[in-house]
1. Select from the stretch 143-201 the residues that are touching a residue at least 60 places away in the same chain (Cβ under 8 Å), open to solvent by 30 Å² or more (accessible area, probe 1.4 Å), assigned to a strand (DSSP E or B) and closer than 24 Å to ALA213 by Cβ and list them in ascending order.
2. Sort through GLY109, GLY78 and tell me the only one that's of a type in the set (Gly, Ala, Ser) and not assigned by TED's automatic domain parsing to the domain that holds CYS52.
3. Being surrounded by fewer than 21 Cβ atoms within 10 Å (Cβ to Cβ) and either β-branched (Val, Ile, Thr) or in a loop (DSSP other than H, G, I, E, B) (or both) is the filter here; which residues of the stretch 242-256 pass it?
4. Quick one: how many residues across the stretch 112-138 are touching a residue at least 40 places away in the same chain (Cβ under 8 Å) and over 24 Å from the mean Cα position of the chain (by Cα)?
5. What do you reckon, is LYS140 of a type in the set (Lys, Arg), exposed (fewer than 15 other Cβ atoms within 10 Å of the Cβ), assigned by TED's automatic domain parsing to the domain that holds VAL251 and in a loop (DSSP other than H, G, I, E, B)?
6. Give the residues of the stretch 84-103 that are open to solvent by less than 20 Å² (accessible area, probe 1.4 Å) and more than 18 Å from GLU35 (Cα to Cα), sorted by residue number.
Amino acid sequence: MITILYAFISITLLGAFFGIGLAIAGKYLAVKKDEKLYKLERALPGVNCGACGFPGCSQYADAIFEGKVTELSLCPPGGPETLAKLGEIMGVVVDLTKEKEIAQVHCCGGKDSAVYAFNYEGIPDCNAAYSMYQGNKVCKYGCLGFGNCITVCPTNAIVSTDQELVRVIESKCISCAKCVVECPVGVIKMIPVSADYIVSCNSNDKGAATKKACKVGCIGCKICDKKSPEGGFKIDNFLATIDYSIKGERVSAVEACPSKCILPTK
């Protein structure tokens, strides 16, 4: 019994000795982090989304500090505020005029509007569905709705709808563009946060084919450009788009659009 007690006391004392030794070593042997690097890390948002091309914010800060990267605008979630802080820390002039962008789904052809080519019963995954004849819709440009973008979104800013589509909650979007990269159809695009409308279609089929495939698809009729000539509407490859640098009137185009695919962003 005494032997066991001595053993217990010895182990306890040894543990305490080594613990104190490690604490002292940690205090006096620790490598102090440079103040500038510390400031860089604090300036970044800490969401670790990878949009900058690095695994996380700390790695991006390290790369800036070590001069491995000179581009300070690689953090979309941080926006102009973070860019300004990074520029101040590094002592360089930065361009703060570029507007923040957010993701938007350019498709409103859900189950009540789109025509389906076949009934897909495979893995509920956009890439898997796309591998089967580019999806089960007649329109090969539309949202497949299985939500791969939802899975990769770091802030839960994308949700499913009752039309078997997805939509972006603007207030939660941090502009990382992970959803844009993930979407096999390319239906998610980045647009300025101040954008008032989007052409909610992604189809490059001719008008007649689009009408057969979807009730709300853009048919490239150019009515939007005619009704709102100062609205920045452009038709290319049978699809209307909006040049957001042009701030003209767009309401007339919205009202005249025959397929009603020009939708407000808010």
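The values are calculated or read from the model by the stated rules, or taken from the named source; none is laboratory data. Remember, it's a predicted structure, so these values are computed and weren't measured experimentally. So basically every Cβ, Gly included, is an ideal-geometry build from the backbone, and we count neighbours across all protein chains shown. For accessibility, only protein heavy atoms count, side chains too; no ligands or nucleic acids. Shrake-Rupley method; radii C 1.70, N 1.55, O 1.52, S 1.80 Å.
1. Answer for the stretch 143-201, where residues must be touching a residue at least 60 places away in the same chain (Cβ under 8 Å), open to solvent by 30 Å² or more (accessible area, probe 1.4 Å), assigned to a strand (DSSP E or B) and closer than 24 Å to ALA213 by Cβ: ARG167, LYS189, TYR197.
2. GLY109
3. Within the stretch 242-256, ASP243, TYR244, SER245, ILE246, LYS247, GLY248, GLU249, VAL251, VAL254 qualify.
4. So the count comes out to 6.
5. For LYS140, the condition - of a type in the set (Lys, Arg), exposed (fewer than 15 other Cβ atoms within 10 Å of the Cβ), assigned by TED's automatic domain parsing to the domain that holds VAL251 and in a loop (DSSP other than H, G, I, E, B) - is not met.
6. Residues of the stretch 84-103 that are open to solvent by less than 20 Å² (accessible area, probe 1.4 Å), as a first pass: 86-87, 102-103.
Within the stretch 84-103, ILE102, ALA103 meet the criteria.
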